[in-house]
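The values are calculated or read from the model by the stated rules, or taken from the named source; none is laboratory data. From a predicted model like this one, the values you see are computed outputs, not experimental measurements. Here the Cβ positions follow ideal geometry from the backbone for every residue, glycine too, while neighbour counts run over all protein chains shown. When the accessible area is computed, the model is the full protein with side chains, heavy atoms only, and any ligands, DNA or RNA have been set aside. Shrake-Rupley method; radii C 1.70, N 1.55, O 1.52, S 1.80 Å.
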Amino acid sequence: MKVTECFEQNKGKTLISFEVLPPLKGGSIDILFDQLDPLMEFKPPFIDVTYHREEFIYKQKDSGYFEKVAIRKRPGTVGICAAIINKYKVEAVPHLICGGFSKEETENALIDLHFLQITNVLALRGDARKFDDKFLPEKDGHEYAVDLVKQIASMNKGIYLDDDIETGMPMDFCIGVAGYPEKHFESASLKSDLKYTRKKIEAGADYIVTQMFFDNKKFFNYQEQCRKEGIEVPIVPGIKPITKKYQLNAIPRNFFVDMPDDLVRSIQKAKTEEQVIEAGIEWCVYQSQELKKAGVPCIHYYTMSDSAIVKRIVSQVM
Ligand code: FAD
């Protein structure tokens, strides 16, 4: 079932969904199942699986010289999606990025997804690679997520890259895209970011999942601005609990989001690791309850390997 069909079938109800990361290379898929098993009692209609492109690292050779090598630390997104569908009988949403893909590789990846009967995809640009100062598309790849959305939308009409394919099998992907309540860090303003988000919707995207945020006011304002901009698709808030003190600085640095003073105070006040977790849970429960009351179609939890903590939160929200 498509993600948007899940929303339509459950109109008036707030659904719960989760995002998971593929295990580090060399790790078993059981690591992931151990994370997901306890969360399945909440009957998430879909689970997102992130995509991690190759990174460059410097490896020391026997000669003593360093060599720059490309490695993918978390491969397996598509395989994991197929395994999730098979094991839990829920939808899995693979994240698909522009970075590292030519258009043809994207087309082939979409064909794989179609053959696996995966009908949902979250279309993203991806970030700049470590050591690159900005995002660089592949030669013959997409520069922005909107271009990826256009390619998927074309394939939904049976239009492939190769003109010789006259009656191509139409795909039927439901397309999600990213949204940023506190604007994307490269954008000059929220307004200009929204202009580009609207282009993703006009190109065929069906719904938005937001970057994590800790201040619901930012989300409610974002939702209002989207509607003013003519963006009518469902907007799914993405949230995560603070579980460690260092995240007070690491999350703003990595995700370009602010922390409300009340949250910062309660985390700073915590004297033990357990108290930090309790304060983080309390905040995330409060956020979830308020979002639910506001009637959001779904709350999307970034589990980030903290599924026991996410379980405690969702139990208090459902
Ligand atoms: P875009 O929509 O292309 O936007 C990127 C920037 O360019 C924005 O500032 C936008 O305003 C601007 N822009 C867009 N179009 C144009 C244009 N035509 N001209 C000028 N400027 C333009 N990353 C991963 O690598 N793997 C993942 O699995 C992953 N999952 C994510 C899930 C969610 C819910 C979110 C919110 C982010 C995720 N990311 C992931 C991170 C994402 O790839 C980065 O935030 C990336 O920097 C931007 O991706 P985007 O799809 O929003 O890009």
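Restricting I118, I175 to residues that are in a loop (DSSP other than H, G, I, E, B), within 16 Å of the ligand (Cβ to nearest atom) and open to solvent by less than 40 Å² (accessible area, probe 1.4 Å) narrows the list to I118. In the condition set (1) out of contact with any strand residue (DSSP E or B) (no Cβ under 8 Å at 6 or more places or on another chain); (2) crowded, with 17+ Cβ neighbours inside 10 Å; (3) β-branched (V, I, T), V264 is compliant with all but (2).
Cβ separations smaller than 6 Å between residues 6+ apart or across chains give the following pairs from the range 106-128 residues that are more than 24 Å from Q211 (Cβ to Cβ) to residues that are away from the ligand (no atom under 13 Å from the Cβ) and assigned to a helix (DSSP H, G or I): L110/M155; L116/A82. Selection of the range 126-155 for residues being among the charged types (D, E, K, R) and over 16 Å from E104 (Cα atoms) yields D127, R129, K130, D132, D133, K134. The residues of the range 244-261 that are loosely packed, with under 15 Cβ neighbours inside 10 Å and in a helix (DSSP H, G or I), listed by number, are N249, A250, P252, R253, N254, D261. For the range 84-135, filtered to residues that are of a type in the set (S, T, N, Q) and within 24 Å of L32 (Cα to Cα), the residue that is nearest to the chain's Cα centre (by Cα) is N120.
Pairs meeting the criteria (first residue in the range 86-101 and on the phi > 0 side of the Ramachandran plot, second residue within 16 Å of the ligand (Cβ to nearest atom) and open to solvent by 10 Å² or more (accessible area, probe 1.4 Å), beta carbons under 8 Å, at least 6 apart or on different chains) are G100/R53; G100/E54; G100/G126; G100/E138; G100/G141.
Being in contact with a Ser or Thr (Cβ under 6 Å, 6 or more places away or on another chain), of a type outside the set (F, W, Y), assigned to a helix (DSSP H, G or I) and open to solvent by less than 90 Å² (accessible area, probe 1.4 Å) holds for only one residue in I277, I313, I299, and it is I277.
Only residues that are aromatic (F, W, Y) and within 22 Å of the chain's Cα centre (by Cα) were counted in the range 13-71, giving 5.
Selection of first residues in the range 259-275 that are under 13 Å from N216 (Cα atoms) and of second residues that are assigned to a loop (DSSP other than H, G, I, E, B) and among the aliphatic types (A, V, I, L, M), restricted to Cβ pairs under 9 Å at least 6 apart or on distinct chains, gives the following pairs, ordered by first then second residue: M259/I242; L263/I242. Residue count for the range 178-206 under the criterion of being of a type in the set (G, A, S), touching an Asp or Glu at 6+ places or on another chain (Cβ under 9 Å) and within 8 Å of the ligand (Cβ to nearest atom): the result is 2. Looking at the structure I just gave you, is I80 within 15 Å of the ligand (Cβ to nearest atom), in contact with a helix residue (DSSP H, G or I) (Cβ under 8 Å, 6 or more places away or on another chain) and of a type in the set (A, V, I, L, M)? Yes; evaluated as a whole, the condition is true for this residue.
The condition (being within 16 Å of the ligand (Cβ to nearest atom), open to solvent by less than 30 Å² (accessible area, probe 1.4 Å), part of a loop (DSSP other than H, G, I, E, B) and touching a residue at least 24 places away in the same chain (Cβ under 8 Å)) is satisfied by just one residue among P22, P75: P22. If the condition is being within 12 Å of the ligand (Cβ to nearest atom) and either open to solvent by 20 Å² or more (accessible area, probe 1.4 Å) or in a loop (DSSP other than H, G, I, E, B) (or both), then the range 142-159 contributes H142, E143, Y144, V146, D147, K150. Number of residues in the range 198-221 that are touching a Phe, Trp or Tyr at 6+ places or on another chain (Cβ under 8 Å) and either assigned to a helix (DSSP H, G or I) or among the small types (G, A, S) (or both): the value is 1. Pick from the range 187-207 the residues that are among the acidic types (D, E) and without any contact (Cβ under 8 Å) to a residue 40 or more places away in the chain: which of them is least open to solvent (accessible area, probe 1.4 Å)? Out of the qualifying residues, it is D193.
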